[in-house]
Structure formats: structure tokens, C-alpha cells
1. Considering only the stretch 130-140, state which residues are in a strand (DSSP E or B) and either in contact with a Phe, Trp or Tyr (Cβ under 8 Å, 6 or more places away or on another chain) or at pLDDT below 95 (or both).
2. Looking for something of a type in the set (A, V, I, L, M), surrounded by fewer than 19 Cβ atoms within 10 Å (Cβ to Cβ) and farther than 19 Å from residue 107 by Cα - is there at least one such residue anywhere in the stretch 35-57?
3. Which of the residues spanning the stretch 98-131 are charged (D, E, K, R) and closer than 16 Å to residue 35 by Cβ?
4. Answer yes if at least one residue in the stretch 72-87 is surrounded by 19 or more Cβ atoms within 10 Å (Cβ to Cβ), within 14 Å of the chain's Cα centre (by Cα) and touching a residue at least 60 places away in the same chain (Cβ under 8 Å), and no otherwise.
5. For residue 22, indicate whether it is small (Gly, Ala, Ser), surrounded by 14 or more Cβ atoms within 10 Å (Cβ to Cβ) and under 17 Å from residue 140 (Cβ atoms).
6. On the basis of being basic (Lys, Arg) and closer than 21 Å to residue 122 by Cα, does residue 85 make the cut?
7. I want to confirm something. Restricting to the stretch 94-137 and keeping residues that are free of Cβ contacts under 8 Å to residues at least 24 places away in the same chain and out of contact with any strand residue (DSSP E or B) (no Cβ under 7 Å at 6 or more places or on another chain), which single residue is nearest to residue 78 (Cα to Cα)?
Amino acid sequence: MTKEKKFEFLEHTADAYVAAYGKDLAEAFENAALATFDVMTEVEKVEPKEEDYVEVEAEDEYALLYTWLEALIVKFEITERLYSKFQIQNITETSEGFRLRAKIWGEKFSPERHPRKVGVKAVTYHRMEILKKPANVTVRFILDI
């Protein structure tokens, strides 16, 4: 059985250009989060010891992707916790747009165990895409590093 690709880094001159894949929008967003932390460190070394929650709202799916990733980056900056497991419980349409609720797991950053790659400053809308097909979804975005 072959292992499905969750994400890949695309060619970009200065920043990290990511394509994340999923069977649906929720899984693509989970893999986008995984890719974001993989830019920062070797994500396979981050143990999913501590559970946390994230809830974000946005006017459309593009803004939801942006807000979801930005919330995770801010959470890392504030708490110094890296995350390696993401479970989106639901993405619902509201009268104002969309709401995403997720559980996330990770642990406190440790320089001895989590080698630093590059810092992620922000998510950008530049070249952001959400490509939906009947059997899968691809999200593409750029991380400002």
C-alpha cells in the first residue's frame, strides 16, 4: 500500500509555496497546518502530547484558510508550542461566512529535540488557491518566511 502525499513544497524564489492535499476541505486544511509546522521544524519529531483547540471564522473559504493558518502561527508565537496533529471537527457555513473548529496536538518547543528550520512570519493571499474535485481538494498558499 502506498502512502498518500499530504503536502509538497512548490518552487518559489523567497518564501515557502505549499500545496496541501486532502479527500475533502477539512483534510486539506489539516495537511496545510502540518506543512506550516514542517517549514519551522522536523514535524515528525513533535510529539502530540498536549491537546488544544482552535476556532476561527472568516467570510469565505480563502479567508478561512488564511485565518486558520495565521491562528496556528500566532499560537506558536505566544505559547512556544509546536503542533503535529490536527483534526478539524467541522467547517460550517454561517450567515457571515464560515466557521472552523479543530483539535490540535503538540508539545512545548525544545531546541534540543526540535531543530529550527526557518521562521514563518505570516500566511499570504498571494497565489492562494482552493481546487475542489469530486474525490479530492488541493489548497495552495505561500508562507512568508
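1. Of everything in the stretch 130-140, those that are in a strand (DSSP E or B) and either in contact with a Phe, Trp or Tyr (Cβ under 8 Å, 6 or more places away or on another chain) or at pLDDT below 95 (or both) turn out to be 130, 137, 138, 139, 140.
2. no
3. 117, 121, 127, 129
4. Looking for residues that are surrounded by 19 or more Cβ atoms within 10 Å (Cβ to Cβ), within 14 Å of the chain's Cα centre (by Cα) and touching a residue at least 60 places away in the same chain (Cβ under 8 Å), one finds none in the stretch 72-87, hence no.
5. Yes; evaluated as a whole, the condition is true for this residue.
6. Spelling it out, residue 85 is indeed basic (Lys, Arg) and closer than 21 Å to residue 122 by Cα.
7. 110
The values are calculated or read from the model by the stated rules, or taken from the named source; none is laboratory data. All figures in this text were calculated on a predicted structure; none of them were measured in a lab. No Cβ is skipped: glycine too gets one built from the backbone with ideal geometry, and neighbour counts run over all protein chains shown.
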